[in-house]
Amino acid sequence: MRVLGIDPGLTRCGIGVIEGLPGRKPTLLLADVVRTPSDLETGQRLAAVERALVQYVAEYRPDALAVERVFARRDVSSIIGTAQASGVVLLVGTRAGLQVAQHTPTEVKASITGNGRADKAQVGQMVMRILDLAAPPKPADAADAVALAMCHLWRAPAIARIEQAQQRRDLAVSRAQARARAAERRRFA
């Protein structure tokens, strides 16, 4: 499975591509950052992120796209740019027909380091160790994107099983409700 991980941002958007199987050591294919100048208009910056993502999707042909779920922080000005970039990521992945998943920072940190409160340096060090790299991917946004991709690779099978179980449950509930309605109609007929 090939996973494109995205750490969304308007100034720096981390990109990571890995390939592997759940339960096995993945291979790093790319760790990069898309940068946009802060003096550009927001729409132009988002368009630049979109163009870069479309190019990465075309070049690496991932099976899935994992993006960091946006969460509320104290600095509202930075969260808006992150949310806008995240929306572009979700749109690009969906248009490409990819499996698109969102993971919280805590989920990613726990998946990679075993500690949901790990700092960026710890995440970078674990990415380096897991992938047998000489140094953590730089800048930290690239390491975070690789960590997102790894988190998704490892969590995807469990997520799929949960979704399948929910679909089976929903189908069983629908069938039971239909039988109950049919029995009710027969009783009053």
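Please treat every number below as a calculation from the coordinates, not as lab data. Just so you know, these numbers come straight off a predicted model, no measurement behind them. Positions of Cβ are generated from backbone atoms using ideal geometry, with glycine treated the same way; all protein chains shown enter the neighbour counts.
Side notes on the structure shown:
- A cut-off of 5 Å between modelled amide H atoms, ignoring neighbours fewer than 5 places along the same chain, links Leu29 with Val17, Ile18, Glu19.
- Relative contact order (percent, whole number), segment 30-189, Cα cutoff 8 Å, 6+ residue spacing: 21
- Comparing Ala96, Ala158, Ala176 in a Gaussian network model of the chain (Cα springs below 10 Å), the most mobile by mean-square fluctuation is Ala176.
- Spin-label model, Ile79 to Asp170: label points 7 Å out along the Cα-to-beta-carbon direction sit 2.9 nm apart.
- Using the Cβ-Cβ distance between Arg187 and Leu21 with R0 = 45 Å, the FRET efficiency computed as 1/(1 + (r/R0)^6) comes to roughly 0.25.
- Annotation: lysines with alpha-carbon distance below 18 angstrom to Lys138 (same-chain offsets under eight excluded): Lys109, Lys120.
- A simple count of charges around Ala101, restricted to other residues whose Cβ falls under 13 Å of its Cβ and scoring Lys, Arg +1 and Asp, Glu -1, yields -2.
- The slack between Gln122 and Ala96, meaning 0.36 nm per residue of separation minus the straight C-alpha distance, is 6.1 nm.
- Only beta bridges with both residues in the chain are counted; by DSSP, about 60 percent of them are antiparallel.
- Averaged over residues, the count of other Cβ atoms within 10 Å places the peptides 109-116, 139-146, 168-175, 123-130 in the sequence 139-146, 123-130, 109-116, 168-175, highest first.
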